[in-house]
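FYI, it's all coordinate maths here, none of it is from the lab. None of these values were measured; they are calculated from a predicted model. Note: ideal-geometry Cβ built from the backbone for every residue, glycine included; neighbour counts use all protein chains shown.
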Amino acid sequence: MKFLCLAYLDRGLSPGPDVASRYGALAEAMITAGVIVDSGQLAPSSDSKMIRIADGKTDITEGPVVDRPSERLLSHRLRKSG
């Protein structure tokens with residue numbers, strides 16, 4: 001099984017001084033445990049697309065697709081369990 005871990009930041013706010021070090025420590029722990037499959041920063045939301053497949057039909061939405069308009073997605077980590 002794989003899990004997608006996403007990092008969000010409230011729009012207009014800067015992360016606190018310890019956020020980067022805590023996030024780095026979490027990433028380092030996952031690397032040490034050997035559970036990281038992929039990680040990285042994401043492109044700006046203006047470059048995004050949402051692809052939905054349901055009932056054999058594919059729907060592609062262009063541009064920023066925001067479930068949380070007050071936040072922006074910064075990065076991802078794909079990890080495996082077990």
Total formal charge among the other residues, if their Cβ is under 15 angstrom from that of Val35, Lys/Arg +1 and Asp/Glu -1: +2
Residue order, fewest to most surrounding Cβ atoms within 10 angstrom, among Met30, Met1: Met1, Met30
